[in-house]
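Reviewing the structure listed below.
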Amino acid sequence: MRPMRTKSRIVAGLAGAVTVVALGVVVQTATSPAQAAAADPYALKNVQIEGGGFVPGIIFNQKQQNLVYARTDIGGAYRLDPATNRWIPLLDWVGQDNWGYNGVVSLATDEVDPNKVYVAAGMYTNTWDPNNGAILRSSDKGATWQSTPLPFKLGGNMPGRGMGERLAIDPNKNSILYLGAPSGNGLWRSTDSGVTWSKVTAFPNPGNYAQDPNDVNGYLTDNQGVTWVTFDKRTGTLGNTTQTIYVGVADKQNTVYRTTNGGTTWERVAGQPTGYLSHKGVLDTAGGNLYIATSDTGGPYDGAKGDVWKYNTATGAWTQISPIPSSSADDYFGYSGLTIDRQHPNTIMVATQISWWPDVIFFRSTDAGATWTRIWDFSSYPNRSLRYKMDVSRSPWLSLGANPQPPEVSPKLGWMTESLEIDPFNSNRFMYGTGATIYGSTDLTTWDTGGQITITPMAAGLEETAVLDLISPPSGAPLISGLGDIGGFRHTNLDAVPAMMFQSPYFTSTTSLDYAELNPSVMVRAGNFADSDRPNDSHAAFSTDGGANWFQGSEPGGINEGGTIAAAADGSRFVWAPKNSAPVYSVGFGNTWTQASGLPQNAVVESDRVNASTFYGFSGGTFYRSTNGGATFAAAATGLPATATFKAVPGVAGEIWLAGGTSGLFRSTDGGVSFAKVASVQAANAVGFGKGAPGRSNVAVFAVAQVDGKKGVYRSDDSAASWLRINDDQHQYGNIGDTITGDPRVYGRVYLGTNGRGIIYGDRTGAPPTSYSASPSRSASASPSRSASSSASPSRSASVSPSSSAACTVAYSVTGQWGGAFQGAVKITNRSATAVNGWNLKWTYANGQTISQIWGGVNSQTGAGVTVTNADYTKVIGANGGSVDFGFIASWNNTTNTNPTAFTLNGTSCAVGS
């Protein structure tokens, strides 16, 4: 959905090793190394969004029914499970050292041996990807893989990635494969089932088209090369080499080549159309026609002219069969997404490349291109008649919250549809990829009888979002996400697709999130969008109900991108460092902003999680601190890594952990004045915190790191004295490291952001850890009260210690108090050996307190009696120490606010504890 889906920010920061220079006592090295990292078993799975990125290829096996693969530009490859209609990720084993393999430029499934599948992997052909490409091969449908490195790069996220397929298997002799290479590297062949490869030196044309030869980033300058390979199966017999092969080339004057002798010699196909690039070449083996779809660019974001052609392989005649020819003023698009109905080979379909407005157009012909019908037509402008209806109820966010004026509709039928495929075994079933999901239908032939086909999302299991930030507050929804391309979500149920991304305003990409640690219903986000589309919208937005609803304030002039933003611990003010603009602060919700002094542009900003007047910043190896609410910053520690991210610890004033890329992990306990390096951590891309282990008062620390020489995802329960690896080699997710956080309510739970594989969350599956002996408590200084007139807030600790015999313990605390109202938090701990599946908690108030707002539960109050029932996402309380939390806002009499002294959970009395 963005002009370009970029690589993770952290990769740029880790391009070279950074030397840490200790100046005085500012940066210190920890003297005692951690113990070698053991493993803690986890169940890892995706937070459900379904889709969220470009799917440039859908590939059906031509021999085995229901064997279908999908390739993505930055999120790897998938196979469809026909039993569940969910996509199974195949490349999660790709790690940080070869993250580019998650860019899949082509995929081939073997019709001779359907167990075999091949992937052409590599994300960028410029310097962004440090590695060359590779051919990955599997003989068990992608369960396990072997790889052969190539002597050149591949571009799964480069211009032209929707053309293809570049990788093809000989349908008669499946030990032979061909690969069309980019960057002038020509055509390559393997004769041993992909183990070794050699260049086809006889192939005459490596292509010459580049989108923009003058692009200074080297992204648009690449020669898009050899773009598709199609075998004519009729010209071989099983076990013998296919003789005739057609090849597409990114050359507007010479776009189709052919061999008729098994690849010994090659020639330009005579009489071919010129002036455009052939995106697709599909052969009808029954009728002997080669169809090509052409466009004036390589796509996938552009294309303004093009044609569809039919080549009679017997006579050599070319016939233009464009639904709307390029010579027509009505043609404002090229063509791609070409497919044949193998059950009825005269039926073909093609998609526009690209018709952003008002929508993509699919054309369908049942007479080999002699006549066409459209999936929609203009009736009386601006109204359209539709041969389809859409049901996006399983992924309602696909409407993007839009309410456009005709002729546009919401949700859109699609965009960037480079792959449109009819099931070779089922004429009623087709799928197509878009910039956000996979759509499809199972009643396609209804089109031919004048009816409306039903199009639904078909992306279950395919999670392709690029995750930029994550927060898990201590109350309310368990997770809030900041995503590239689709903004982000409030996830009230991790296993259900959320209804809608953030609105009011809608950001294309959310670059930063924060919540007020002591008042977590207050949240803030910053992000990007096309300013020309919405010149009156702000790049910062606020919520006072835990992210359920958002509003925007003003913003200073000249801001074009979100940057990073932080909320004070009590939610009373905010500090914002917009990208390429001066940092600013606001008292209140952005009604006015004042420039902060002493903090450089493009700094990373965070807040102290206890002291509402303290904010932190980082830029270029220097750590900054403000003690007056962001008005002024002063340099604290220096000599830190040049590129880093950091987080402040909840509940502990002045404790900060900083992930310094290849320089390692650093910790400060004095508000950033000095940092000590964690000796056992050689590299750290991201750090976050979650609920502490049983028996410990410190938080659990999570890190994307290299510990004792092994890269992975780690947790420490003892402030980095020791580490546990919580992922494994089959779950590495490629390019990770922009963001990680634990869950403050669920011990061990981790939320991991990936760059193209969505949000991963994990829970421990092993036995509960042995309780740690209590570590020294870290007392935090009191945070400022929201009202100067309010009395000191009650202690979070209850005076009654938990009973060892009680089946449950309830910790009730007042976390903030001001004139006429207070905020409370309740934690329920299940001490029994049986999980609680659905609950209600009851108590009685003594001083007339009345709950007005609640999160994490549903409140029912009659007089002094309160009954709180679980929310969907707090329904289950695990056995043997499992817990859930909820919070609320209530009124009080401004005189006495006594805590309840007795609680019942599902009718059973609970101990009162902390």
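The values are calculated or read from the model by the stated rules, or taken from the named source; none is laboratory data. These numbers were taken from a predicted model, which means no experiment stands behind them. Don't worry about glycine lacking a Cβ; one is built from the backbone with ideal geometry, like all the others, and counts go over all protein chains shown.
Only one entry of Pro325, Pro273 meets the criterion of being touching an Asp or Glu at 6+ places or on another chain (Cβ under 7 Å) and touching a residue at least 24 places away in the same chain (Cβ under 8 Å), and that entry is Pro273.
Of the candidates Ala807, Ala792, Ala782, Ala788, the single residue that is closer than 26 Å to Val876 by Cβ, small (Gly, Ala, Ser) and either at pLDDT 50 or above or out of contact with any Lys or Arg (no Cβ under 8 Å at 6 or more places or on another chain) (or both) is Ala807. Counting the residues of region 582-640 that are farther than 12 Å from Ala567 by Cα and not in a strand (DSSP E or B) gives 23.
Here is a yes/no grid of residues against (1) touching an Asp or Glu at 6+ places or on another chain (Cβ under 6 Å); (2) closer than 23 Å to Arg490 by Cα:
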residue	(1), (2)
Arg525	no, yes
Gly553	no, yes
Pro583	no, no
Arg609	yes, yes
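Just so you know, in region 536-556 the residues that are farther than 23 Å from Pro498 by Cα and charged (D, E, K, R) include one that is surrounded by the most Cβ atoms within 10 Å (Cβ to Cβ), and it is Glu555. Taken over region 529-567, residues that are among the small types (Gly, Ala, Ser), closer than 20 Å to Tyr585 by Cβ and assigned to a loop (DSSP other than H, G, I, E, B) amount to 7.
Taking (1) part of a strand (DSSP E or B); (2) over 15 Å from the mean Cα position of the chain (by Cα); (3) free of Cβ contacts under 8 Å to residues at least 60 places away in the same chain in turn, Ser504 satisfies each apart from (1). For the structure I just gave you, tell me whether Ser521 is under 25 Å from Arg745 (Cβ atoms) and buried (at least 22 other Cβ atoms within 10 Å of the Cβ). When the stated conditions are applied, Ser521 passes them. Residue pairs whose Cβ atoms lie under 6 Å apart, separated by 6 or more positions or on different chains, with the first residue in region 562-579 and under 19 Å from Val610 (Cβ atoms) and of a type in the set (D, E, K, R) and the second part of a strand (DSSP E or B) and modelled with pLDDT of 95 or more, are Arg573/Val587.
If I filter region 832-842 for residues that are within 14 Å of Gly476 (Cβ to Cβ), surrounded by fewer than 20 Cβ atoms within 10 Å (Cβ to Cβ) and not polar (S, T, N, Q), do I get at least one hit? No: region 832-842 contains no residue that is within 14 Å of Gly476 (Cβ to Cβ), surrounded by fewer than 20 Cβ atoms within 10 Å (Cβ to Cβ) and not polar (S, T, N, Q). In region 374-414, the residue that is farthest from Gln48 (Cα to Cα) out of those that are surrounded by 12 or more Cβ atoms within 10 Å (Cβ to Cβ) and of a type in the set (Ser, Thr, Tyr) is Tyr388.
Assess whether Gly482 counts as being buried (at least 23 other Cβ atoms within 10 Å of the Cβ) and part of a loop (DSSP other than H, G, I, E, B). In short, no. A single member of Ala83, Ala37, Ala134, Ala70 is at pLDDT below 95 and either assigned by TED's automatic domain parsing to the domain that holds Leu479 or small (Gly, Ala, Ser) (or both), and it is Ala37. When you scan region 251-272, do you find a residue that is in a strand (DSSP E or B) and under 23 Å from Ser327 (Cα atoms), even just one? Yes, region 251-272 has at least one match. Quick one: which of Gly287, Gly303, Gly239 is among the small types (Gly, Ala, Ser) and in contact with a strand residue (DSSP E or B) (Cβ under 7 Å, 6 or more places away or on another chain)? Being among the small types (Gly, Ala, Ser) and in contact with a strand residue (DSSP E or B) (Cβ under 7 Å, 6 or more places away or on another chain) holds for just one of Gly287, Gly303, Gly239, which is Gly303.
Only one of the numbered conditions (1) assigned to a loop (DSSP other than H, G, I, E, B); (2) over 32 Å from the mean Cα position of the chain (by Cα) is violated by Gly194, and that is (2). Is it true that Ala526 is crowded, with 16+ Cβ neighbours inside 10 Å, modelled with pLDDT of 95 or more, part of a loop (DSSP other than H, G, I, E, B) and out of contact with any Leu (no Cβ under 6 Å at 6 or more places or on another chain)? So Ala526 fails the test.
Restricting Phe689, Phe666, Phe675, Phe646 to those that are out of contact with any Leu (no Cβ under 9 Å at 6 or more places or on another chain) and not assigned by TED's automatic domain parsing to the domain that holds Trp593 reduces the list to Phe689. Taking region 422-446 as the range and being in contact (Cβ under 8 Å) with a residue 60 or more places away in the chain and either in a loop (DSSP other than H, G, I, E, B) or surrounded by fewer than 22 Cβ atoms within 10 Å (Cβ to Cβ) (or both) as the test, the residues that pass are Asp423, Pro424, Phe425, Asn426, Ser427, Thr434, Gly435, Ala436, Thr437.
In this structure, does Leu179 turn out to be among the aliphatic types (A, V, I, L, M), in contact (Cβ under 8 Å) with a residue 60 or more places away in the chain and crowded, with 24+ Cβ neighbours inside 10 Å? Yes.
For (1) without any contact (Cβ under 8 Å) to a residue 60 or more places away in the chain; (2) buried (at least 23 other Cβ atoms within 10 Å of the Cβ), each residue gets a yes or a no:
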| residue | (1), (2) |
| --- | --- |
| Ile88 | no, no |
| Trp99 | no, yes |
| Val112 | no, no |
| Gly122 | yes, yes |
| Asn131 | yes, no |
| Ala143 | yes, no |
| Lys153 | yes, yes |
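Scanning region 216-248 for residues that are in contact (Cβ under 8 Å) with a residue 60 or more places away in the chain and outside any loop (DSSP other than H, G, I, E, B) yields Val226, Thr227, Trp228, Val229, Thr230, Phe231, Lys233, Ile245, Val247, Gly248.
In region 750-763, which residues are surrounded by 24 or more Cβ atoms within 10 Å (Cβ to Cβ), closer than 24 Å to Thr874 by Cβ and not aromatic (Phe, Trp, Tyr)? Val750, Leu752, Gly753, Gly758, Ile759, Ile760, listed by residue number. Of all residues in region 485-501, exactly one satisfies the criterion of being surrounded by fewer than 22 Cβ atoms within 10 Å (Cβ to Cβ) and within 16 Å of Pro520 (Cβ to Cβ), namely Thr492. What do you reckon, is Gly53 in contact (Cβ under 8 Å) with a residue 40 or more places away in the chain, within 14 Å of Gly734 (Cβ to Cβ) and in a loop (DSSP other than H, G, I, E, B)? It is true that Gly53 is in contact (Cβ under 8 Å) with a residue 40 or more places away in the chain, within 14 Å of Gly734 (Cβ to Cβ) and in a loop (DSSP other than H, G, I, E, B).
For (1) modelled with pLDDT of 95 or more; (2) out of contact with any strand residue (DSSP E or B) (no Cβ under 9 Å at 6 or more places or on another chain); (3) of a type in the set (A, V, I, L, M), each residue gets a yes or a no:
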site: Gly692; (1), (2), (3): yes, no, no
site: Ser697; (1), (2), (3): no, yes, no
site: Ala700; (1), (2), (3): yes, no, yes
site: Arg715; (1), (2), (3): yes, no, no
site: Trp723; (1), (2), (3): yes, no, no
site: Gln730; (1), (2), (3): yes, yes, no
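Taking region 448-476 as the range and being part of a loop (DSSP other than H, G, I, E, B), over 14 Å from the mean Cα position of the chain (by Cα) and surrounded by fewer than 24 Cβ atoms within 10 Å (Cβ to Cβ) as the test, the residues that pass are Gly450, Gly451, Gln452, Ala460, Pro474.
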